[in-house]
Structures are given as C-alpha cells and as structure tokens.
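Peer 1: The structure that follows is given in the form of structure tokens.
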Amino acid sequence: MFGNIGWGEFMVLLVAALVILGPERLPGAVSWVTKTMRQVRDYASGASKQLKDELGPEFEDLRKPLSQINELRGMSPRAVITKHLLDGDDSILTGDFDSPPSTNGSTPSAPSANASSGASTAPQSKPLAAGERPPVDPDAT
C-alpha cells in the first residue's frame, strides 16, 4: 500500500504528525490507524470470500474477463500491435530483419530475403561525402 512512499516522504509525514498531534497523542493515533487498516483489510477479504461462496464456480468466470482487462491495461501500444497484428513478431518494429520470424511458419517478408537472390527493388544509397549536395528529385519538389 505504501510502495510509492519513499523514506524522505515518510520522514516528512512523521515530523508533520509529531508537530500536529504532539508526542502525547501520536502513539494513540498510530495504533488507531493500524487497527483501522487491519479492519478494512478484514472487511475486504470477507466480502471477497462471501462473493466467492455465493457465486461458486461462476466466480472464476467473472475473474477471467477482469484479468484480461488488467493484462490489456498494462500493455503499451507497441505491445498491443506486436501481439494482435503481428502475432508476436516484432522484427518489423525493431528493424531486425535477419532473425527468423517467430510466427507460425509463414514466409518472411523481409528485404534481406530478396538481397540474396540479387533482385533488389531499391538502389543502395551511399553516404554523401563532405561538401557534396544531395540529389534533387524534381517530381518530389
């Protein structure tokens, strides 16, 4: 529950509680907060147990869509595209065309497959020398 609070924030909260409540009432307040949190946790686990008892085997059917929603909530757009559109093969996104695809045995659509046969569709561009101007395409301008 307090996983996002660091030691610095905890010390600030402790000093603020000491200033606001004073040293006399601070131990009582800490014990009250601890008892209340334990009681809330017991209520939550009791409600979950009661729901599980009432629903029986349908409880797992209810949890399955919720777990799928939680799985999708944690995915990034790149992970969603890789999983659903590319069947887990992210070589298109990473530019790693030389590795074999991890799909279900389909043929690779990588440009390196055509390079070995000598049939290249795009000419290889060489880097420009210092001071050399790039070629101009009159159709593009």
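Peer 1: Taking 0.36 nm per residue of sequence separation and subtracting the Cα-Cα distance, how much length would be gained by fully extending the chain between residue 87 and residue 128, in nm to one decimal?
Peer 2: 10.9 nm
Peer 1: Could you compute the FRET efficiency for residue 11 and residue 33, with r as their C-beta to C-beta distance and R0 at 22 Å, rounded to 0.05?
Peer 2: Here the calculated transfer efficiency is 0.80.
Peer 1: Taking neighbour Cβ counts within 10 Å as the exposure measure, how do 7, 32 sort from fewest upward? Show your work: numbers first, answer last.
Peer 2: Values: 7 7, 32 11.
By the 10 Å Cβ count, ascending: 7, 32.
Peer 1: Indicate the gyration tensor shape class of the range 1-68 (rounded, prolate or oblate), computed on the Cα atoms with a ≥ b ≥ c the square roots of the eigenvalues: a/c under 1.5 is rounded; otherwise a/b larger than b/c is prolate and the rest oblate.
Peer 2: oblate
Peer 1: Only sites in a loop by DSSP and with at most 15 other Cβ atoms within 10 Å count here; which GluC sites (Glu not before Pro) in the range 41-77 make the cut?
Peer 2: On the way: sites: 54, 58, 60, 71; in loops: none.
Listed in order of number, the matching sites amount to none.
Peer 1: Right, another one. Please order 30, 136 by the number of other Cβ within 10 Å, starting at the fewest.
Peer 2: Working: 30 13, 136 7.
Final ranking by Cβ density, sparse to dense: 136, 30.
Read the figures in this text as sums done on the coordinates, not as results from a lab. Keep in mind that this is a model prediction, so the values were computed, not measured. Note that we place each Cβ from the backbone using ideal geometry, even for glycine, and neighbour counts take in every protein chain shown.
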